[in-house]
1. Restricting attention to region 50-58, does a residue exist that is outside any strand (DSSP E or B) and touching a residue at least 40 places away in the same chain (Cβ under 8 Å)?
2. How many residues does region 70-104 hold that are in a strand (DSSP E or B) and either among the small types (Gly, Ala, Ser) or at pLDDT below 95 (or both)?
3. Looking for something surrounded by 14 or more Cβ atoms within 10 Å (Cβ to Cβ) and among the charged types (D, E, K, R) - is there at least one such residue anywhere in region 93-101?
4. So which of 22, 17, 63 is in a strand (DSSP E or B) and surrounded by fewer than 16 Cβ atoms within 10 Å (Cβ to Cβ)?
5. Under 8 Å between Cβ atoms, at least 6 apart or on separate chains: pull out the pairs that start in region 80-92 with a residue that is in contact (Cβ under 8 Å) with a residue 60 or more places away in the chain and open to solvent by 20 Å² or more (accessible area, probe 1.4 Å) and end on any residue that is more than 8 Å from ligand 1 (Cβ to nearest atom) and of a type in the set (Asp, Glu).
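The values are calculated or read from the model by the stated rules, or taken from the named source; none is laboratory data. Every value quoted in this text rests on a predicted model; they were computed, and no experiment measured them. Every residue, glycine as well, gets a Cβ built from its backbone with ideal geometry; the counts of neighbours run over all protein chains shown. Surface areas here come from the heavy atoms of the whole protein model, side chains and all, with no ligands, DNA or RNA. Shrake-Rupley method; radii C 1.70, N 1.55, O 1.52, S 1.80 Å.
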Amino acid sequence: MKKEENRKLTAAEVASAGLVEAGTADAFHTGSWRSQRPIWNKDKCIHCLTCWISCPDSSINIAPDEKKGTVVTGIDYDHCKGCGICARECPPKVNALTMEQEKK
Ligand code: SF4
Ligand code: SF4
């Protein structure tokens, strides 16, 4: 019996748990991890897109605009984890993003 437990598993016997399909991150609403949330002030925003480039979670929403090219349209709170990078990178003279305590 002991000899059988110590044998090496064949490839077919190794469990495939932990493997997930590619491209599924959008389906997971990781924003529930957040303790702080960015607040975007559209009246102050100059649409420089620094926040969009900086966000590690692609949680700054943008859209094409006839006059300005591309503009910020808001925050994707389903995926934003509240790291605060966007607020830190928004030009200080503009200050269109501020962090607030998350409301539960
Ligand atoms: S707080 Fe972090 S995750 Fe959320 S929008 Fe800003 S940079 Fe992205
Ligand atoms: S970094 Fe600030 S000013 Fe620039 S697009 Fe983002 S919110 Fe607007």
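1. Among the residues of region 50-58, at least one is outside any strand (DSSP E or B) and touching a residue at least 40 places away in the same chain (Cβ under 8 Å), which makes the answer yes.
2. 1
3. no
4. Values: 22 fails: in a strand (DSSP E or B); 17 fails: in a strand (DSSP E or B).
None of the other options fit; the residue is 63.
5. none
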